[in-house]
Structure formats: structure tokens, C-alpha cells
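Quick notes on the structure that follows.
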Amino acid sequence: MLPHVKNKQNGSEIKKQHIVKVSNIDCTEIMWDRRITDPDGAHCKPINTFIYSTDNRSVKNICNGSNANKDLILSRKIFNLTVCIKPCYDQKRKPACVYSTTTDNSPICVNCEGVSPSHLYPKSENKKCKSNMMDPLNDTPNDRTE
């Protein structure tokens with residue numbers, strides 16, 4: 001297990017911290033509204049990735065079949081992502097939690113606890129993930145707006 005994966009999340013925490021239904025988000029606002037912080041709860045989270053998905057099914061389907069209870073599973077589906085990055089991480093207090101926003105299109109890498117994602121890895125760790133060969137429902141068209 002990678003060192004930063006200390007707290008596995010349940011399905012509702014994954015949804016709260018990583019899934020949005022609109023693709024145009026303000027990172028500072030959503031990080032504040034959803035109270036997304038470091039695990040200690042006292043500091044700004046330096047980076048967080050949001051997955052644009054009109055329903056949670058496309059993310060949950062990554063953990064179907066033989067991927068249940070496995071770690072480092074890479075989706076075959078390309079997701080629309082918004083990455084929130086806090087510049088100048090030396091200012092750790094919550095009032096200084098101002099984020100820049102970047103967008104990307106990429107597969108995502110998750111840990112699966114049962115048939116639900118329990119952790120989303122940053123894109124930089126996708127190369128460590130195993131290709132998801134058993135996610136037939138994950139071949140549906142992307143949830144993006146053209």
C-alpha cells in the first residue's frame with residue numbers, strides 16, 4: 001500500500017470528496033463547501049481531484065467483477081477531471097485555502113473495497129495502477145458534455 005493511503009473512504013466519502021455533477025466548478029468554493037481538508041482536519045488539502053460524473057455508477061463500475069477488493073485499479077473509461085491545487089502550501093490554515101483549477105481528461109486509479117471505490121489516487125500514480133480488464137459497464141460513453 002502506498003504511504004499516503006492511510007484512510008480508506010466509503011462510497012459517500014468518495015462522492016463527497018471526488019465526484020461532481022457539473023464540470024465547471026470553483027475549486028476554492030467547493031473545497032470549502034464540502035469541508036475537504038487534510039486527514040487531520042486542521043489544514044488545507046494541498047491537492048484534490050474531482051471527477052465529473054452525472055451519476056456515481058460510472059465510477060463505481062470500476063470495482064465490478066474480478067476487481068472487487070483490489071488496489072490500484074485503472075479505469076478504461078476516460079473521465080473529465082478538475083484538479084484543485086493549493087499554491088503556497090506553507091500557509092496551512094483554512095482561511096488561506098485558495099485553490100487554482102486545472103482540467104484534464106484521463107482514466108482514474110482507485111482502490112476497491114468490495115465493489116465500491118475506497119480511494120482515488122492522483123493522476124501522477126496512474127502508471128502504478130493495473131489496467132481494468134473486467135469493467136464492461138465502464139465502456140459506456142463518457143459523461144461529458146461536448
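Express in nm, to one decimal, how much length is gained between N69 and T37 on full extension, taking 0.36 nm for each residue of separation and deducting their alpha carbon distance. Between N69 and T37, full extension yields 8.9 nm more. Any of K21/K130; K77/K123; K45/K123; K45/K127; K86/K128 with alpha carbons more than 21 Å apart? Name them for me. Pairs exceeding 21 Å: K21/K130; K45/K127; K86/K128.
The residues E113, E13, when put in order of fewest to most other Cβ atoms within 10 Å, stand as E13, E113.
FYI, it's all coordinate maths here, none of it is from the lab. Predicted model only: the values in this text are computed from it and were never measured. We place every Cβ from the backbone using ideal geometry, glycine too, and count neighbours over all the protein chains shown.
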